[in-house]
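Let me begin by presenting the structure, written as structure tokens, before commenting on it.
Read the figures in this text as sums done on the coordinates, not as results from a lab. Values in this document were obtained by computation on a predicted structure and should not be read as measured data. No Cβ is skipped: glycine too gets one built from the backbone with ideal geometry, and neighbour counts run over all protein chains shown.
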């Protein structure tokens, strides 16, 4: 697949919808928390992993667990690997100036999105969440939302912000950091599918393999994923590995190849899922320079 993509310019690039990169904990850029994974996975490491399996580009999400709202390392990675990564970082909804912060971020080379980590028990009237979503609409910046266990809230926010492109992270389902997978990993599937009624909501099919109770190629994930594909359509679904959060459950190659070898996808569906839909939703594709 990779050789074809390199020789046929019209081929859809393979794009991972979510990866993380980080350097070792050091005084110049200290970790605030700990992300499950190796002691470091630098931008160089991530590019090597992608090259080994023919992934052309990825959305590089600055890891909240380590850096909170500081996206400086992601910016460094982008500078060292132009054209390989679109950048996303989290924003603090409690900051009154968050709309101005998003305006500055949106104007930064390489940036393709912003992220909200929904915590606590906010409601749909939350001023900060709505400021971020409104800023996303104003600057044509997709807003990625992690809201495990709070999917009805996201539906109400989507209804109130119809001009904002919202992207639901990680299938909207709680995912493990270590094996085994939860006993009922798709227990909240009905609430995920219900979000398809909002045309402005897309979904990352990221980390899906970590929900499997079976070994590679994870045959038990396809029936519930099929319900998501049917509800949202492949034009709103985007494959991703959630590397490096998934390192204790599978290799990067397995996270990629599971979607290539399955017979549950047609060629056109696979093309949309593994790059085509992302390129349209984020208005970004890998390229030489930006």
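Peptides 21-31, 140-150 ordered by packing proxy, namely the average of other Cβ atoms within 10 Å per residue, highest first: 140-150, 21-31. Under the shape rule built on the C-alpha gyration tensor, where the axes satisfy a ≥ b ≥ c, segment 77-194 is oblate, since a/c reaches at least 1.5 while a/b does not exceed b/c.
Each of 68, 94, 245 has some number of other Cβ atoms within 10 Å of its Cβ, and from fewest to most they run 94, 68, 245.
When peptides 33-43, 53-63, 223-233 are ranked by their average number of other Cβ atoms within 10 Å per residue, the highest-first order is 53-63, 223-233, 33-43.
For segment 1-146, the square roots of the Cα gyration tensor eigenvalues, ordered a ≥ b ≥ c, give a/c of at least 1.5 with a/b no greater than b/c, which places it in the oblate category. Entry note, segment 13-282: relative contact order of 19 percent, from Cα contacts under 8 Å with a spacing of 6+ residues. If R0 is taken as 30 Å, the Cβ-Cβ distance between residue 188 and residue 11 corresponds to a FRET efficiency of 0.25. When you work out D = kT/(6 pi eta Rh) for segment 192-290 at 37 °C and 0.692 mPa s, using the Kirkwood radius from C-alpha pairs as Rh and the Stokes-Einstein form, the result is 232 µm²/s.
Estimated from helical segments only, the mean residue ellipticity of the chain at 222 nm is -9000 deg cm²/dmol, where each DSSP H run of four or more residues counts as -39500 (n - 2.57).
Looking at the square roots a ≥ b ≥ c of the eigenvalues of the Cα gyration tensor of segment 63-143, which shape do they give, rounded for a/c under 1.5, prolate if a/b is larger than b/c, or oblate? Since a/c reaches 1.5 and a/b is larger than b/c, the shape of segment 63-143 is classed as prolate. Highest average first, the peptides 119-130, 255-266 ordered by how many other beta carbon atoms sit within 10 Å of their residues are 255-266, 119-130.
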